[in-house]
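Report on the structure given below.
The values are calculated or read from the model by the stated rules, or taken from the named source; none is laboratory data. If you're wondering where the values come from, they're calculated on a predicted model, not measured in any experiment. Here Cβ is always computed from backbone atoms with ideal geometry, including for glycine, and neighbour counts include all displayed protein chains. Ligands, DNA and RNA are excluded from the accessible area calculation, which covers all protein heavy atoms including side chains. Shrake-Rupley method; radii C 1.70, N 1.55, O 1.52, S 1.80 Å.
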Amino acid sequence: MPTASVYDTFAELATQLTGRYIRLSDTAPSAAERDQWWQKVLELRDTKRAVPAYDRAALMAHISQWEAELARLQGDHRG
């Protein structure tokens, strides 16, 4: 798979995870939890910006991590 396609997958997962975090923030029962989820949105944004599009190993590592996080959040049946 070309590195450009790996980057596309990386970017798409970042978008999906950002959306999930935003939904969790919007539906959080407390201000503290809302802020916690919003902080994850900001951290994810910063991570996405920091990973070079040509660093295939870093892209793949984040893809694995983000897929696992999405699966975990979906398993929580929240949002």
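Calculate what fraction, in whole %, of the accessible area of the chain sits on carbon and sulfur atoms when a 1.4 Å probe is rolled over the protein chains.
Whole-percent figure for carbon plus sulfur exposure: 53.
Given Cβ point charges of +1 (Lys, Arg) and -1 (Asp, Glu) and nothing else, what value in debye, to the nearest 20, does the dipole of the chain about its Cα centre take? Provide the component values of the computation, followed by the final result.
On the way: 10 positive and 11 negative charges, 12 e Å.
Roughly 60 debye, rounded to the nearest 20.
Counting heavy atoms of the protein chains only and a 1.4 Å probe, report the per residue accessible area for the chain as a whole number of Å².
Details: 4930 Å² over 79 residues.
Each residue of the chain exposes 62 Å² on average to a 1.4 Å probe.
Calculated from DSSP H runs of 4 or more alone, at -39500 (n - 2.57) each and per residue, what is the 222 nm mean residue ellipticity of the chain, nearest 500?
Working: 3 runs with 64 residues, N = 79.
Helices in the chain give a 222 nm mean residue ellipticity of -28000 deg cm²/dmol.
In whole percent, what relative contact order does the chain give with Cα contacts below 8 Å and a gap of six or more residues? Numbers along the way, then the final one.
Values: 57 pairs, mean separation 34.8, N = 79.
Here the relative contact order equals 44 percent.
Using alpha carbon centroids, what distance separates the range 46-68 and the range 5-42, in Å?
Comparing the Cα centres of the range 46-68 and the range 5-42, I get a distance of 16 Å.
Work out which helices of the chain, taken as complete DSSP H runs, extend at least 27 Å along their axis over the Cα atoms and score a mean Kyte-Doolittle of -0.5 or more, then list them.
Working: long enough: 3-26 (34 Å, -0.09); 31-50 (28 Å, -1.38); 56-75 (28 Å, -0.08).
Result, helices passing both filters: 3-26, 56-75.
Given R₀ = 22 Å, FRET efficiency for R49-S5 by Cβ-Cβ distance, to 0.05? Don't skip to the answer; put the middle values down first.
Values: r = 20 Å, r/R0 = 0.91.
The calculated FRET efficiency here is 0.65.
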